[in-house]
């Protein structure tokens, strides 16, 4: 459990950048909710570290553009029984 919210926001950003992770996977890794990840990255991080925010923003935009594809693939796996 993080006591320093600012450090958590920076750690989340680094994790997402290094692993090209999604908000959902970062939330699972850190044991927090998706909304907390989103709030840390979009509201807290720009004030704390603008250059890190710009890097993570690029990945978040890419993930947002591709999410409909990932959702379709997950549905396909669900009904075909693929893993």
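Pairs under 6 Å by beta carbon, first residue under 14 Å from residue 32 (Cα atoms) in the range 1-14, partner modelled with pLDDT under 90 and surrounded by 14 or more Cβ atoms within 10 Å (Cβ to Cβ), six or more apart or different chains?
From the range 1-14, the pairs are 8/2.
For residue 67, work out the one condition from (1) at positive phi; (2) surrounded by 10 or more Cβ atoms within 10 Å (Cβ to Cβ) it doesn't fulfil.
(1)
Every residue in the range 33-48 that is surrounded by fewer than 17 Cβ atoms within 10 Å (Cβ to Cβ), touching a residue at least 12 places away in the same chain (Cβ under 8 Å) and over 21 Å from residue 65 (Cβ atoms), please.
Correct list: 48 only.
Restricting the range 1-24 to residues that are at pLDDT below 95 and under 20 Å from residue 71 (Cβ atoms), which is surrounded by the most Cβ atoms within 10 Å (Cβ to Cβ)?
Here the residue is 23.
The values are calculated or read from the model by the stated rules, or taken from the named source; none is laboratory data. Values in this document were obtained by computation on a predicted structure and should not be read as measured data. For neighbour counting, all protein chains shown are included, and Cβ atoms are generated from backbone atoms with ideal geometry for every residue, glycine included.
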